[in-house]
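Worksheet: the structure to be examined is printed underneath.
The values are calculated or read from the model by the stated rules, or taken from the named source; none is laboratory data. What you see is a predicted model, and the numbers here were worked out from it, not measured in a lab. We place every Cβ from the backbone using ideal geometry, glycine too, and count neighbours over all the protein chains shown.
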Amino acid sequence: MFLPLPANQLKAPIFQTDQRKVLELPTFRPEALRDPTVVGKALQFPKSENDILLAYGVPKSLVIEFRLLPKPYTVVRDVTLTILDQVSVARTKSSKNNRAVLSMSISYKLPIPILTKVSAGPAGCGKSVLLLQAVEHFVAKKWIVLYIPRALTLVNSSSHYIYDPRTRTYLQPDFSYELLRRFQQINKAALEKLKTTKAFVSDTAPVRVGAPLTRLIDVGIENKSLAPVALSALFEELSQQTEHPVLLAVDDFQALYRHTTLYRDPLFHGIKPYHMSLPRLLLEYASGKKVFQRGAVLGALSTAHTIFQLPLELREALGIPYDRPSGPYVRRKPEMVEYAKGLKNIPVPAQMQIDEAASLYEVWGQSHWLRTAPNDEGFLATYTQAAGNPREFVWKGLLQSYAL
Amino acid sequence: MFNLLRLHARPATSALQTARRCYATAFVPPASLTEGMTSPLPVKPKVKPDSPTFYTARAGYFDGLTALEDAITDTRRALTALQLLPLPQSVRKALPPLQPVWHTKDTLAGHLSAIVTTSKYRRYIRVLDQLNEYRQIAEIAGVVELAENLADIITSFERENKEAVLAHGKKKPVQFDEYGRSYTLGRRKESTARVWVIPVKTPEAAVSQSALQTESPGELSHFIPQPLTIPTKILPVTTTNIIVNNAPFIEYFPQLTDRERAILPLKIAGLLGAYNVFAIVRGGGTTGQSGALSLGIAKGLAAHVPEVAAILAKAKLLRRDPRMVERKKTGLAKSHKAGVHLRLPRFTLDNEGKTKAGLEYENKPNDSRE
């Protein structure tokens, strides 16, 4: 994994140059986003003691990108404002009708509609980045935000799991512990003000009614085996409270809808996602079976993992066409159909606008990643070659290409 | 019959009197008799031919030839009167070469309704060439009426597909349809690309709002010279969209090298963002298809903007890459790959079928070197 050398270790004379100046850009704050001319401009994510990128982490596709750049920059797109406006509606409304998923836009108009060719869809069109922007925005707006950047790790058998006969589900103590820890780090101020409405019954660490929610989280943090139960209790409390709107943001959203996870039960059958406690919790909030009194659920699909592809039930719920057989004779899992009901689709355009691409070009150019001096012809050639796709533009066009 | 007439005309005489016949009346040939006599046979009225060429048996040919020669005479007289003839040699050399496409001998024969032999045909063509030359002189000199009259005569002797004949062997110019789209073909290895290059509609340039805003003049504005604000035009940047086989460009060509190869003509011509491309590619693999697409795009751009043809040709983008997969040869595993180089043992058998070592062999060993 690439890790850049810190600047203070660059002692050789070749590195002692005053050209190493870091690009200073406006901060990605709600105030900056009010200006309509911000569309197409590059901003930098704020670095504070409660840094979301450090606390929650970022999706794998963005890790190296943020390491290559001197600072985590992001370009505001017109879709950004659309998403933020749509989610902001849920500030005073329950999450029952505010559940949306960012997906690829298949609605590009092709000249011959009869021969519609649909495959995985435009990968790299910026869904994860837009979700991250939404998370940053609503944290700054003092929402309670729970962000899971890699939901894949919930279902790919990478963390410890244990069967709980009480709930008859499989618990994931380690994951729950990490989630509680990070959640508390970001939302500490709001959680201290909120009080529990139900007693948390436990032999070792009971929590009385009226205690701050941070106390509930501390129970889970101090005792990993209680973390899943504490997390469930926390979710229940958050769904009842009305002081702060809650945003549940999940990347790799389609991983939760796979028919089986990679976990195995004692008979070596694949465990269903709704039989795992944390995926079940997420599915219930995503489907509207459990609601936040004020808040929204926002997910983002990912095309990176071939084992966790977009399943038919979720595709149908979001209205994304399928190139494989999807007629009435193809079996759909009724549970997944139920959990996918009512999800809205927010299509992310496959092509960036030209000024968004120009800002991206400037950011990478001024971070000294271009092979030649930045010029219009190179920019337009890169844009044309990438057909406006952000990932192709940066990773293939700017970093991989040798074309002058 | 005439004997009968004679019998009626005069009485019979004796044999002595037949030596010198005396007629009571003058002898009238029967054809001239008009009284009460009808001609025994219907006599065809002899029609006088219009032209004396009737008796040549190639009337159409000679009539036409005569008419053309008369035309030459008249034209020569007219041009001489206008002092255009005799034309100085230097001027004659400076005239652009004529490229007439006359009818073939058989067609001419059909038109003239006469038998036309080769020598007659050549004579006819010589006359037409002369007339064409005079037409050119009249046209260049500006004698419009004369030139038009001559052109009327000449065009009736030229073939209808004159342009096609003259353009034979030359590259056909690319045709544009009613929407201004060009259709070109590109090929590489086993791939073919049918490419439509369409100009992008440029939206109108917007004027920047900040430049339009004028500050309200203050009290002392007439003392302080205000800078002139020229509203800056924000030129909209158009982008090139490429669709291949009804799929987006990045989806059809996932490899970066294929995509860069395909858009290289646009990049070198400096026309990125000016044209959209729609293509149907068939055959071959990714490299062949992207190369074929590149050639099709280059040809389309050269058709839309002829000025860039030179630079595309210099970059060898207008050249159909002739490299194809080399054939396999007999005796080799592939086009160049030979088989395993074996050193087979050489030994001969004596009359009894045994080797030097006394070994017997039923069949002679297979030695390809013998």
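Things worth noting here:
- Members of the stretch A:310-331 that are in contact with a helix residue (DSSP H, G or I) (Cβ under 7 Å, 6 or more places away or on another chain) and more than 26 Å from A:S95 (Cα to Cα): A:Y322, A:S326, A:V330
- Any chance B:A333 is surrounded by 11 or more Cβ atoms within 10 Å (Cβ to Cβ) and within 28 Å of A:Q400 (Cα to Cα): no
- Tally, over the stretch A:266-275, of residues that are surrounded by fewer than 24 Cβ atoms within 10 Å (Cβ to Cβ) and in contact (Cβ under 8 Å) with a residue 60 or more places away in the chain: 4
- Those residues of the stretch A:305-325 which are of a type in the set (A, V, I, L, M) and modelled with pLDDT under 90, in sequence order: A:I320
- Any hit, the stretch B:306-325, residues being closer than 21 Å to B:A193 by Cβ and in contact with a strand residue (DSSP E or B) (Cβ under 7 Å, 6 or more places away or on another chain): yes
- Candidate set: the stretch A:163-182, residues that are touching a Phe, Trp or Tyr at 6+ places or on another chain (Cβ under 6 Å) and surrounded by 17 or more Cβ atoms within 10 Å (Cβ to Cβ); chosen: the one nearest to A:L247 (Cα to Cα): A:R182
- Residue in the stretch A:183-204 that is buried (at least 19 other Cβ atoms within 10 Å of the Cβ), outside any strand (DSSP E or B), under 15 Å from the mean Cα position of the chain (by Cα) and not assigned by TED's automatic domain parsing to the domain that holds A:F28 present: yes
- Residue satisfying condition, being touching a Pro at 6+ places or on another chain (Cβ under 6 Å) and touching a residue at least 60 places away in the same chain (Cβ under 8 Å), within set B:A298, B:A303: B:A298
- Evaluating B:I242 against the criteria (1) touching an Asp or Glu at 6+ places or on another chain (Cβ under 7 Å); (2) at pLDDT 95 or above leaves one unmet condition, (1).
Conditions tested, residue by residue: (1) over 23 Å from the mean Cα position of the chain (by Cα); (2) on the phi > 0 side of the Ramachandran plot; (3) of a type in the set (D, E).
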site	(1), (2), (3)
A:A340	no, no, no
A:P349	no, no, no
A:M352	no, no, no
A:H368	yes, yes, no
A:L404	yes, no, no
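- Complete set of residues in the stretch B:105-153 that are β-branched (V, I, T) and part of a helix (DSSP H, G or I): B:T107, B:T118, B:I125, B:V127, B:I137, B:I140, B:V144, B:I153
- The residues on offer are B:L293, B:L264, and the sole one that is among the aliphatic types (A, V, I, L, M), away from chain A (no Cβ under 11 Å), within 23 Å of B:K189 (Cα to Cα) and in contact (Cβ under 8 Å) with a residue 40 or more places away in the chain is B:L293.
- Here A:G327 passes the criteria (1) surrounded by fewer than 19 Cβ atoms within 10 Å (Cβ to Cβ); (2) touching a residue at least 60 places away in the same chain (Cβ under 8 Å); (3) outside the structural domain of A:E392 (by TED's automatic domain parsing) except the one numbered (2).
- The residues on offer are A:L231, A:L283, A:L238, A:L247, and the sole one that is in contact (Cβ under 8 Å) with a residue 60 or more places away in the chain and assigned to a helix (DSSP H, G or I) is A:L238.
- Criterion violated by B:K354 - all others in (1) at pLDDT below 80; (2) within 30 Å of B:P265 (Cα to Cα); (3) basic (K, R) satisfied: (2)
- Some residue of the stretch B:269-279 being more than 9 Å from every other protein chain (Cβ to nearest Cβ) and part of a helix (DSSP H, G or I): yes
- Test result for B:A247, within 12 Å of another protein chain (Cβ to nearest Cβ), at pLDDT below 95 and out of contact with any strand residue (DSSP E or B) (no Cβ under 9 Å at 6 or more places or on another chain): yes
- Residue within the stretch B:270-284 that is among the small types (G, A, S) and under 19 Å from A:F393 (Cα atoms) present: yes
- Selection status of B:T286, in contact with a Phe, Trp or Tyr (Cβ under 7 Å, 6 or more places away or on another chain) and either more than 10 Å from chain A (Cβ to nearest Cβ) or modelled with pLDDT of 95 or more (or both): yes
- Listed by position, the helices (runs of 4 or more DSSP H) enclosed by the stretch A:331-404 that each have at least 1 residues that are out of contact with any strand residue (DSSP E or B) (no Cβ under 8 Å at 6 or more places or on another chain), of a type in the set (G, A, S) and more than 8 Å from chain B (Cβ to nearest Cβ) are A:354-366, A:376-386.
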